[in-house]
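Written below as structure tokens is the structure these notes are about.
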Amino acid sequence: MFKVIQRSVGPASLSLLTFKVYASQKKDSPHKTSVKVNELSLYSVPESESKYVEEPRTQLEESISHLRQYCEPYTSRCQEMYSQTEPKMQSLVQWGLDSYEYLQNAPPGFFPRLGVIGFAGVVGLLFARGSKVKKLVYPPGFMGVAASLYYPQQAIVFFQPGNVKNSPGNK
């Protein structure tokens, strides 16, 4: 019928190379009828019908299924809590990055003032020995007094009664 002639260049290890295949009729063979595409076994569909049979579940699969059903309410609660806290945590991380950037490029004299204000808080803790109420009042009070000495404009704005943003009277 047809004689196949293969021409390729290169060693056998380079089998990924492209090559040309030429087909020519044999002159000495008798002419036979050609095979149609649908007669080839490659394209024929098997006649047997297959049926899907589900295997019974094992004891391990049943245990895992029961465990997943038992844990589902807890995992859904965790997912809800994560979706609620994720934006808050992202804003907290951004605040931390902004604070870090500010402290890297702090204005001159910032760190000595911060040290004095912190020292005032420690002095407030020393004066507040013995009482829990004093421990809650003295350190922030001493720190506020020290901060108002260094930042008087901000202290005036902070202590004015009309400038409170979330007070019940300003809604």
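The values are calculated or read from the model by the stated rules, or taken from the named source; none is laboratory data. Predicted, not measured: the structure shown is a model, and the values here were computed from it. Cβ sites come from the backbone with ideal geometry, for glycine too, and all protein chains shown count toward neighbours. Just so you know, the surface numbers come from the protein's heavy atoms only, side chains and all, with ligands and any DNA or RNA stripped out. Shrake-Rupley method; radii C 1.70, N 1.55, O 1.52, S 1.80 Å.
Which of rounded, prolate or oblate describes the stretch 52-145 when judged by the alpha-carbon gyration tensor and an a/c cut-off of 1.5? Mind showing how you got there, number by number?
Numbers: a/c = 5.65, a/b = 2.53, b/c = 2.24.
Taking the square roots of the gyration eigenvalues as a ≥ b ≥ c, the stretch 52-145 is prolate.
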| request: Assuming R0 = 30 Å, can you tell me the calculated FRET efficiency for the pair Leu114 and Lys134, based on Cβ-Cβ distance, to the nearest 0.05? | output: 0.80
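So if we plug the beta-carbon distance of Tyr151 and Cys78 into 1/(1 + (r/R0)^6) with R0 = 30 Å, what FRET efficiency do we get, rounded to 0.05? Write out the running numbers ahead of the final one.
Numbers: r = 43 Å, r/R0 = 1.45.
It comes out at approximately 0.10.
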| message | For a quick check of understanding: with a 1.4 angstrom probe and all protein chains in place, what accessible area in square angstrom does Lys36 have, to the nearest ten? | response | 130 Å²
| said: Give me the extension gain from Leu103 to Gln90: residue separation times 0.36 nm, minus the current Cα-Cα distance, reported in nm with one decimal. | reply: 2.7 nm
| field | Phi to ³J(HN,Hα) by Karplus 6.51 cos²θ - 1.76 cosθ + 1.60 over the stretch 53-58, Hz, x for Gly, Pro | value | 10, 7, 6, x, 6, 7
